[in-house]
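Just below is one structure, and these are the notes that go with it.
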Amino acid sequence: MKLRTKGFLVVCIPLVFQIVTVSVLAFLLWRAQVIATHEADAKDVAYECNNLIVQIGNVMIQAGFGDNRPNTDATRKIEQQSISKISKTLVTLEGRLREVPEEATNLNSLDIYLRQFISNVKAAREAEFSHDPEVHDKADILEFKSMYGARKLIHLIKNIAVTETQTHPDNPETRNQARALIRNWLVVAVLLTVLLALGLAYLCSVTIRKPLERMAKNALRISTREPLEAPMTGSDELSELDRKLHRVNESIEEALTSERNMINYAADLVFSIDRQGIFLSVNPFCKSMLGSEPDELIGTSVLEVVPAEVRNELKNILASSYKGRESLQFEMRMQGRTGAIDTSWSVIYSQRDRTFFCVAHDITERKHVEQLKQDFIAMISHDLRTPLMSVSSSINLVQSGATGEINEVIEKELNSAERSVDHLIELVNDLLDFEKLEAGRMSFEILPLPINTILDESVRLVQALAEERKVKVEIISADQVVSGDERKLIQVTVNLLSNALKHSPEQSTIKVQTRINSVDMIEVSIHDQGPGVPDEYVEKIFAPFEQIAHRPTAALGTGLGLAICKLIVEGLGGKISVRHSELLGGSAFWYTLPRADSQTTESPTVTSVALR
């Protein structure tokens, strides 16, 4: 049964019962009122009948048949008043008996007899005092008729009174029965009301309270991950809600199972420790990483799996994590049964649980690769660049004619060899710059610099290439001062201009625009009329060795120029990207730089920036 149906029954059943109770009580009260009214009416009828008999007798006495009463105005007036009282009494009596069907015949007879009586009385009175002998002789007959009519009236009136009294007798027992019936019904109604209330309360308890208590227990069991009670049967909302609660529990269990599986089968060491550094939980990967089972680590200190020389460092890091920082990433060497391991830690402290949740990733192989990379860079720097510089010098010496004259074929080959050697030297220099920037070993001399100076010098350096490709370079600049490293900013701008020149068609234009990007940033954008950069390359074109492969100009560069520009600009506190040029229709490579503070001094600030 639906909850709305139960609610409807809980409201309507008491309402219907109260309506029935009130209706029965109203009927009993009406019945008692009818009995009382009939008894009162019977008494009133009897009173009026007695009153009418008395008035008839008074009329007979006042008429004074045979007593030779004087026929004066006073006696006539008294007779007329008595007759008038009889008429009024008759009207009152008729009014009380008009709605009683049994008295209709008696009322009609009474009205006729009474009119005859009054007429006979008046006629007898007139005949008695008449001077006409014939009329006077009729007085005795009229008196006899009047007295006979009076007896008939009195007899009829007595019958009416007796009939009414017998029909509605004054019976105290009937009244008491009516009162007792009302009292008993009130008692029964109260008892039924109490029983109905108890029944509805029990119904609510069974169908609403118990299911709610059951769901509350299931909710508590969900929080403690205990098995739930069996789902409730039924089609009401509470049963449906209980089934949804079970589905939620199943979803939570699936999510927790997936989470546990993800942690258990993760190729990283996942563990939790308290503020004292004691292992609370650890995933099975500890066997592969440290050579210990989870049960062996739980309850021991995390300091036991790190070398002694870094224990104080780890203590300080953890202390700073829960005192002010929510999360922390750092590298830490760990000591397992299989030897020392380089790891990268990610630590999150839960204030609610007062627990550190940690993930330690094995970076030993990465460290080894980085060392190989350092060795490779060192090899390039010492064992490759020097011979290349020597080869370049030798080619230049031969080209200058110091070794004798050379023919056109040899000169052509030397020019080709020179371009190849220059390309290799450029690649080596880019590799070294990129490695320094990425490793954070590149230093910047931060000075307030007029942006026009940077742009003018950069355009001058690419002017020869621009004339060769027949491309015009224009500067649309604002007189602004930025904060940066002059040599590095020229390197960035020249690199971007060179890219624009390589992709611009002949007889086209390149525009260098400067504008205020925000309150504290200046934007420099280089617009060309080339084919533009596809949307899928907007982000990854700044990655190392990433080029637009299908472009014929891809072979002209090393693939590191834009990556170096990105590291330099970000190292100076700016941003770099590319967008479609609304100015010329091609690409618009842009970078932003901080505006120089008006209080900045002329003394350089040397910083080293590590970008990872």
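The values are calculated or read from the model by the stated rules, or taken from the named source; none is laboratory data. Predicted model, so just to flag it, every value in this text is computed and none were measured. Heads up, the Cβs are rebuilt from the backbone with ideal geometry, glycines too, and the neighbour counts pull from every protein chain shown. Areas reflect the complete protein model, heavy atoms only, side chains present, ligands, DNA and RNA absent. Shrake-Rupley method; radii C 1.70, N 1.55, O 1.52, S 1.80 Å.
Here the Kirkwood formula, the inverse mean of 1/r across different C-alpha pairs, assigns the stretch 168-308 a hydrodynamic radius of 21.7 Å. Cα convex hull, the stretch 231-299: 116 Å³ per residue, rounded to a whole number. Rolling a 1.4 Å probe over the protein heavy atoms leaves ASP295 with an accessible area of roughly 130 Å².
Taking only the Cα atoms of the stretch 163-202, the ratio Rg/Rh comes out at 1.40, with Rh defined as the Kirkwood radius. Bridging of LYS88 to lysines at a Cα separation below 17 Å is possible for LYS77, once same-chain residues fewer than 8 apart are set aside. A Förster radius of 22 Å combined with the Cβ-Cβ distance from SER518 to HIS580 puts the calculated FRET efficiency at roughly 0.55. Translational diffusion of the stretch 185-258 was estimated from the Stokes-Einstein equation, with Rh taken as the Kirkwood radius over Cα pairs; at 20 °C and 1.002 mPa s the coefficient is 148 µm²/s. When the C-alpha to C-alpha distance is required to be over 29 Å, the pairs from LYS85/LYS145; LYS412/LYS540; LYS217/LYS287; LYS373/LYS502; LYS470/LYS575 that qualify are LYS412/LYS540; LYS217/LYS287; LYS373/LYS502; LYS470/LYS575. Were the residues from GLN463 through ALA230 laid out at 0.36 nm apart, the gain over their Cα-Cα distance would be 75.5 nm.
Applying the criteria of a DSSP loop state and at most 13 other Cβ atoms within 10 Å to the GluC sites (Glu not before Pro) of the stretch 177-276 yields GLU229. Whole-percent P(r), the stretch 1-43, all Cα pairs, 5 Å bins from 0: 6, 20, 13, 13, 10, 10, 8, 6, 6, 4, 3, 2, 0. In the assembled protein chains, LYS412 presents an accessible area of approximately 150 Å² (probe radius 1.4 Å).
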